[in-house]
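A.B. asks: Sharing a structure here in structure tokens format.
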Amino acid sequence: METAVSNTPPKRFTITLDDDLMISPIIARTTGIPSLVFTTGEALLKKASSLEPVAAFIDVHLGLNLSGLDVIPHLRSIWKYTPIVIITGDDNADIIGDALAAGANDFIRKPIQPAELQGRLQARLAEMNQLRYQDEVVFGDLVFSKASGEVRYRDKRVYLPKLEAKLFMILLENREMIVTKESLKRRVWGELTIAGNTLDKRISKLRSFISEVGAPLRVEADYGKGVCLKAEKEDDEANRKNKIKGAG
């Protein structure tokens, strides 16, 4: 029987995939945060994309259902920065190697030792947070992933195409500063010769993506100087939202 996750889950939680219902309470007590329990890989995969756990603890052997090894690659593609820790009572070293190759970050053996679990989890959290820091740019409530082109603002997200993602990254790095169009062309397209209005079209598309996600940013083009990404003031953001409501 799965833990109900249709209601709003706690803000911080782990996930335990194990057909032994005694494991999840042990993990919850050890980490000090709730652990949502799933007993089958199929059930977890149905919910995974709507969940953002602090970490996931995955048992290798799940009876006749999908094994933990089957589930890990799918979870890794969904939870890029979530530590995935294998829990197993199997002494076969090959299983651990296969799990790590599939995308797991670490393993702990049953019976679970709280000190070991805490130590390994804290180390893996530090590693994954470092990876997140290297890949993501955070600006207030806005998070931009350089690797995937994803822009998240509060509960909304959009994915920028490759060229718009490059353009957005440059403007974010130089926010509140004017970047010349020649500099933008060179950094986005390199030595490739492009049509005169190509950059303007990409800027227009970027504006649409920013508007779609509702981020309080605006891309201003000074045709005599260049392009600038500016943060909207609270009054400006409120006026923009009112205009959108009025248009609807």
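A.B. asks: What number of residues within the stretch 126-138 are under 12 Å from the mean Cα position of the chain (by Cα), of a type in the set (A, V, I, L, M, F, W, C) and assigned to a helix (DSSP H, G or I)?
C.D. replies: 2
A.B. asks: Quick one: is Gly119 surrounded by fewer than 18 Cβ atoms within 10 Å (Cβ to Cβ) and modelled with pLDDT of 90 or more?
C.D. replies: Answer is yes for this residue.
A.B. asks: Please tell me if Asp98 is of a type outside the set (A, V, I, L, M), over 30 Å from Pro216 (Cβ atoms) and either modelled with pLDDT under 90 or in a loop (DSSP other than H, G, I, E, B) (or both).
C.D. replies: Criteria not met by Asp98.
A.B. asks: Right, next: Within the bounds of the stretch 78-87, is there any residue that is assigned to a helix (DSSP H, G or I), under 26 Å from Glu150 (Cα atoms) and in contact with a strand residue (DSSP E or B) (Cβ under 7 Å, 6 or more places away or on another chain)?
C.D. replies: Checked against the condition, which is being assigned to a helix (DSSP H, G or I), under 26 Å from Glu150 (Cα atoms) and in contact with a strand residue (DSSP E or B) (Cβ under 7 Å, 6 or more places away or on another chain), the stretch 78-87 yields no hits at all.
A.B. asks: Can Gly226 be described as surrounded by 15 or more Cβ atoms within 10 Å (Cβ to Cβ) and not assigned by TED's automatic domain parsing to the domain that holds Ser49?
C.D. replies: Yes: the conditions hold for Gly226.
A.B. asks: Then there's this: Identify, by number, the condition in (1) among the charged types (D, E, K, R); (2) more than 16 Å from Ala231 (Cα to Cα); (3) within 27 Å of the chain's Cα centre (by Cα) that Glu176 doesn't meet.
C.D. replies: Result: Glu176 passes all but (2).
A.B. asks: Something else now. Filter the stretch 78-97 for residues that are free of Cβ contacts under 8 Å to residues at least 24 places away in the same chain and polar (S, T, N, Q) and give the result.
C.D. replies: Scanning the stretch 78-97 gives a single hit, Asn92.
A.B. asks: Same structure again: Just to be sure I understand, how many residues within the stretch 179-227 are of a type outside the set (S, T, N, Q) and in a helix (DSSP H, G or I)?
C.D. replies: Residues in the stretch 179-227 being of a type outside the set (S, T, N, Q) and in a helix (DSSP H, G or I): 20 in total.
A.B. asks: Can you find even one residue in the stretch 189-199 that is farther than 23 Å from Val54 by Cβ and either surrounded by 18 or more Cβ atoms within 10 Å (Cβ to Cβ) or assigned by TED's automatic domain parsing to the domain that holds Ile27 (or both)? Can you show your working first?
C.D. replies: Of the stretch 189-199, the ones farther than 23 Å from Val54 by Cβ are 189-199.
Filter again for either surrounded by 18 or more Cβ atoms within 10 Å (Cβ to Cβ) or assigned by TED's automatic domain parsing to the domain that holds Ile27 (or both), leaving 199.
Within the stretch 189-199, one or more residues are farther than 23 Å from Val54 by Cβ and either surrounded by 18 or more Cβ atoms within 10 Å (Cβ to Cβ) or assigned by TED's automatic domain parsing to the domain that holds Ile27 (or both).
A.B. asks: Restricting to the stretch 26-74, name every residue that is farther than 21 Å from Leu125 by Cβ, assigned to a loop (DSSP other than H, G, I, E, B) and of a type in the set (A, V, I, L, M).
C.D. replies: Passing the criteria: Val60, Leu62, Leu64, Leu66.
A.B. asks: Looking at the stretch 98-126, which of the residues that are touching a residue at least 12 places away in the same chain (Cβ under 8 Å) and either outside the structural domain of Ile58 (by TED's automatic domain parsing) or charged (D, E, K, R) (or both) is nearest to Asp19 (Cα to Cα)?
C.D. replies: Lys110
A.B. asks: Can you tell me which residues in the stretch 139-174 are outside any helix (DSSP H, G or I) and either surrounded by fewer than 13 Cβ atoms within 10 Å (Cβ to Cβ) or among the aromatic types (Phe, Trp, Tyr) (or both)?
C.D. replies: Listed by number, the residues that qualify are Phe139, Gly140, Asp141, Phe144, Ala147, Tyr153, Arg154, Asp155, Lys156, Tyr159.
A.B. asks: Would you mind stating whether Phe57 is among the aromatic types (Phe, Trp, Tyr), more than 24 Å from Gly149 (Cα to Cα) and either surrounded by fewer than 13 Cβ atoms within 10 Å (Cβ to Cβ) or under 21 Å from the mean Cα position of the chain (by Cα) (or both)?
C.D. replies: Spelling it out, Phe57 is indeed among the aromatic types (Phe, Trp, Tyr), more than 24 Å from Gly149 (Cα to Cα) and either surrounded by fewer than 13 Cβ atoms within 10 Å (Cβ to Cβ) or under 21 Å from the mean Cα position of the chain (by Cα) (or both).
The values are calculated or read from the model by the stated rules, or taken from the named source; none is laboratory data. The model shown is predicted, which means the values in this text are computed figures rather than measured ones. For neighbour counting, all protein chains shown are included, and Cβ atoms are generated from backbone atoms with ideal geometry for every residue, glycine included.
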